[in-house]
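> Here it is: the structure, laid out below.
The values are calculated or read from the model by the stated rules, or taken from the named source; none is laboratory data. Everything quoted here is computed from the prediction, not taken from an experiment. Virtual Cβ from ideal backbone geometry, glycine too; neighbours counted across all protein chains shown. In case anyone asks, the SASA skips ligands and DNA or RNA and just uses the protein heavy atoms, side chains included. Shrake-Rupley method; radii C 1.70, N 1.55, O 1.52, S 1.80 Å.
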Amino acid sequence: FLAQKFPEIKAHFTGSLGFFYYGSVGSERAGMLNIILLLFLIVLCRLCFGTYKAGLLLAMTLVLMGGIIYGAMAYSGSPVDLLNNGLFLMIAVAVLEDFFFISIWQLTHQDEKNLFQKFIIPSFFTSFTTMIGFGSLCFTDLTIIKRFGFWAATGTLLEWFFIFFFLPALIKIFPKISIWTNPAKACFQGFSLSILDRKIPRVLLKPLLLLGVLSLFSVSQLELSDAPFEIFAKKHPFRQGISA
């Protein structure tokens, strides 16, 4: 109304109402972002592994995981807030390595009969460390972060379960999908194989380990901010309204 009748007046949504409004706008866009992520993964798997089948299998496990997580949240009365609104996206990015490991291996070992059995334990530990990282957020005093940490850790465990238990069972029922990679059409096969065969030079191991230890001291230099409105960019209308 003000923009149409009084264009010389600058009006802003501020306070709790403005925060809620712009937060809701961001939440509505999360669903589209999740769909774009799934489409991107399908195309990426086609380039890396030579088939769309690979991306569809990965997308299927992610959708099933997301359905269970959000269903469990609804059943338990856990709300969708500004943080866990991006739960699906965060979990998807965190657990990609499990599927990529076995897919890269299948590129050159397509007759492998015990592919999932070969990677189930190593991949469990990669997922386990991710679960620990997310789960550690449960020890904070902020409820919104606790909820995110719990459901993210649960989602990571579920995604590992779907890849190493659900997919083998599905392949047992539908043997035609047991091979989801095609070396002849994989665009980055050479690069993938070079990663498997490459080792870090011994001369770099000690400096890298030292760098990891020294990084612990940088924790005290982190800049902490508990201002909720700073999640918006400086040019965002909400931030401009706060500064006005």
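> Considering each of Met65, Met73 in turn, give the residue that is under 21 Å from Arg147 (Cβ atoms) and within 17 Å of the chain's Cα centre (by Cα).
Met65
> Being over 15 Å from Leu62 (Cβ atoms), under 17 Å from the mean Cα position of the chain (by Cα) and open to solvent by less than 30 Å² (accessible area, probe 1.4 Å) is the requirement here; does Ser123 meet it?
The answer is yes for Ser123.
> With Phe174, Phe188, Phe148 as the choices, which residue is at pLDDT 85 or above and under 25 Å from Leu89 (Cα atoms)?
Selected residue: Phe148, the only one of Phe174, Phe188, Phe148 that is at pLDDT 85 or above and under 25 Å from Leu89 (Cα atoms).
> Mind checking which residues of segment 158-172 are open to solvent by 80 Å² or more (accessible area, probe 1.4 Å) and under 16 Å from Met60 (Cα atoms)?
If the condition is that a residue be open to solvent by 80 Å² or more (accessible area, probe 1.4 Å) and under 16 Å from Met60 (Cα atoms), then Phe161, Phe165 are the ones that fit.
> Across segment 58-91, what is the total count of residues that are of a type in the set (Ser, Thr, Tyr) and loosely packed, with under 15 Cβ neighbours inside 10 Å? Steps first, please.
Step one: filter segment 58-91 for residues of a type in the set (Ser, Thr, Tyr), giving 61, 70, 75-76, 78.
Right, trim to loosely packed, with under 15 Cβ neighbours inside 10 Å and you get 75-76.
Residues meeting the conditions: 2.
> Now for a separate question. Take the conditions closer than 30 Å to Phe174 by Cβ and either assigned to a helix (DSSP H, G or I) or touching a residue at least 40 places away in the same chain (Cβ under 8 Å) (or both) and apply them to Leu64. Does it pass? Break it down stepwise before answering.
On the way: closer than 30 Å to Phe174 by Cβ: yes; either assigned to a helix (DSSP H, G or I) or touching a residue at least 40 places away in the same chain (Cβ under 8 Å) (or both): yes.
Criteria met by Leu64.
> Pairs, please: C-beta under 6 Å, at least 6 apart or cross-chain, first residue more than 13 Å from Leu167 (Cα to Cα) and in segment 99-118, second among the aromatic types (Phe, Trp, Tyr)?
Final answer for the pair search is Phe101/Phe119.
> Also, I was wondering about something else. Of the residues in segment 92-113, how many are among the small types (Gly, Ala, Ser) and either open to solvent by 10 Å² or more (accessible area, probe 1.4 Å) or under 16 Å from Arg46 (Cα atoms) (or both)?
2
> Yes or no: Ser136 among the hydroxyl-bearing types (Ser, Thr, Tyr), open to solvent by 40 Å² or more (accessible area, probe 1.4 Å) and out of contact with any strand residue (DSSP E or B) (no Cβ under 8 Å at 6 or more places or on another chain)?
yes
> While we're here: Considering only residues that are hydrophobic (A, V, I, L, M, F, W, C), part of a loop (DSSP other than H, G, I, E, B) and closer than 18 Å to Leu58 by Cα, which ones fall in segment 173-189? Before you say what the answer is, go through the steps one by one.
Start the filter on segment 173-189 by keeping residues that are hydrophobic (A, V, I, L, M, F, W, C), which leaves 173-174, 177, 179-180, 184, 186-188.
Among the residues that remain, those that are also part of a loop (DSSP other than H, G, I, E, B) are: 174, 179-180, 184, 186-188.
If the condition is that a residue be hydrophobic (A, V, I, L, M, F, W, C), part of a loop (DSSP other than H, G, I, E, B) and closer than 18 Å to Leu58 by Cα, then Phe174, Ile179, Trp180, Ala186 are the ones that fit.
> Turning to a different aspect of this structure: Quick test for you: out of Thr154, Thr129, pick the one residue that is buried (at least 17 other Cβ atoms within 10 Å of the Cβ), among the polar types (S, T, N, Q) and assigned to a helix (DSSP H, G or I). Working first, answer last.
Numbers: Thr129 fails: buried (at least 17 other Cβ atoms within 10 Å of the Cβ).
Result: Thr154 is the single residue among Thr154, Thr129 that is buried (at least 17 other Cβ atoms within 10 Å of the Cβ), among the polar types (S, T, N, Q) and assigned to a helix (DSSP H, G or I).
> Considering each residue of segment 1-45, count those that are touching a residue at least 60 places away in the same chain (Cβ under 8 Å) and either open to solvent by less than 80 Å² (accessible area, probe 1.4 Å) or under 23 Å from the mean Cα position of the chain (by Cα) (or both), and give that number.
Residues in segment 1-45 being touching a residue at least 60 places away in the same chain (Cβ under 8 Å) and either open to solvent by less than 80 Å² (accessible area, probe 1.4 Å) or under 23 Å from the mean Cα position of the chain (by Cα) (or both): 5 in total.
> I've got another one for you. For Ser78, only one of the following conditions fails: (1) part of a helix (DSSP H, G or I); (2) in contact with a helix residue (DSSP H, G or I) (Cβ under 8 Å, 6 or more places away or on another chain); (3) modelled with pLDDT of 85 or more. What is its number?
(1)
> May I pose another question? If you take the residues in segment 196-231 that are at pLDDT below 70 and either on the phi > 0 side of the Ramachandran plot or not acidic (Asp, Glu) (or both), which one is most open to solvent (accessible area, probe 1.4 Å)?
Leu224
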